[in-house]
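The values are calculated or read from the model by the stated rules, or taken from the named source; none is laboratory data. Since the structure is predicted, the reported quantities are computational estimates derived from the model, not experimental observations. Here the Cβ positions follow ideal geometry from the backbone for every residue, glycine too, while neighbour counts run over all protein chains shown. Just the protein is used for accessible areas: all its heavy atoms, side chains included, with ligands, DNA and RNA removed. Shrake-Rupley method; radii C 1.70, N 1.55, O 1.52, S 1.80 Å.
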Amino acid sequence: MSEIGSSSIYKEIFPFWERISDEDREYVCRNSHAVMYPKGKNIHNGSECSGVILVRSGCLRLYMMSDEGKEVTLYRLHKGDLCMLSASCVLDAITFDVFVDAEQDSQCCVISGPAFAAVSERNPDFRIFALETAVSRFSDVMWVMQQILFMSMDKRLAIFLFDESVRTGSDTIALTHGQIARYMGSAREVVSRMLKYFASEGIVEVSRGGVMILDKKRLRDLAL
């Protein structure tokens, strides 16, 4: 890991960056590191304070895990996104275990949790920003819970495929059945069975490496 020597990277993230003192800006940079996480790497394992993570490229997945090992994906982070749930020493309200994995090779910047917390004590803008960032993700978590608790599997899968197509700008979803199941908090067998049904209806075409959307209108109608 290498220290972040320039503050320009944080001007893009923190709108109040220029309002804090030179000493605090230098302190944040001195306690930041650039890290390349390889695909599949576990970055944060539970409730420890791993620091505040800024995604420069790639994709991180945040999830919860039951005692039996079942995973529920909360959301994913992409370029420009900030992960606060990996810094329990910054937000006292984080009392649950959250896991973070690199879904792709990911270039990130990590600000030391204790350093971020110390600067937050001197600069309320930092703490407010941290809280607002965490709260903004709460709606994503509630959307996941709403789908799991109240929606049928065919609708959940249609929503996932349609949203993934919009996000990537492609009708080909380059994810395996296992990956889709992990994102949805379901079993691979259930996802495979539902994809087989979608394929029989001419909505998608399924291969070992992914899913191709053939009828986007019908998929969107199922998602509504």
Answer from SER165, SER186, SER192 - the residue that is without any contact (Cβ under 8 Å) to a residue 60 or more places away in the chain, open to solvent by less than 60 Å² (accessible area, probe 1.4 Å) and in a loop (DSSP other than H, G, I, E, B): SER186
Any hit, segment 94-102, residues being touching a residue at least 60 places away in the same chain (Cβ under 8 Å), open to solvent by 20 Å² or more (accessible area, probe 1.4 Å), over 22 Å from PHE14 (Cα atoms) and not basic (Lys, Arg): yes
Considering residues of segment 77-90 that are part of a loop (DSSP other than H, G, I, E, B), out of contact with any helix residue (DSSP H, G or I) (no Cβ under 6 Å at 6 or more places or on another chain) and crowded, with 21+ Cβ neighbours inside 10 Å only, the residue modelled with the highest pLDDT: SER86
Qualifying position, being under 28 Å from SER139 (Cβ atoms), hydrophobic (A, V, I, L, M, F, W, C) and modelled with pLDDT of 95 or more, among LEU54, LEU74, LEU60: LEU60
Close pairs from segment 8-29: first within 21 Å of PRO114 (Cα to Cα), partner open to solvent by 50 Å² or more (accessible area, probe 1.4 Å) and part of a helix (DSSP H, G or I), Cβ under 6 Å, at least 6 apart: PHE16/ASP125; TRP17/LYS11
Leading residue by the ranking (nearest to the chain's Cα centre (by Cα)) among those in segment 1-34 that are within 11 Å of VAL110 (Cβ to Cβ), at pLDDT 85 or above and crowded, with 16+ Cβ neighbours inside 10 Å: ALA34
Filter result for the condition that a residue is free of Cβ contacts under 8 Å to residues at least 40 places away in the same chain, surrounded by 13 or more Cβ atoms within 10 Å (Cβ to Cβ) and of a type outside the set (Ser, Thr, Tyr), over MET151, MET212: MET151
Filter pass, GLU201 being charged (D, E, K, R) and open to solvent by less than 80 Å² (accessible area, probe 1.4 Å): yes
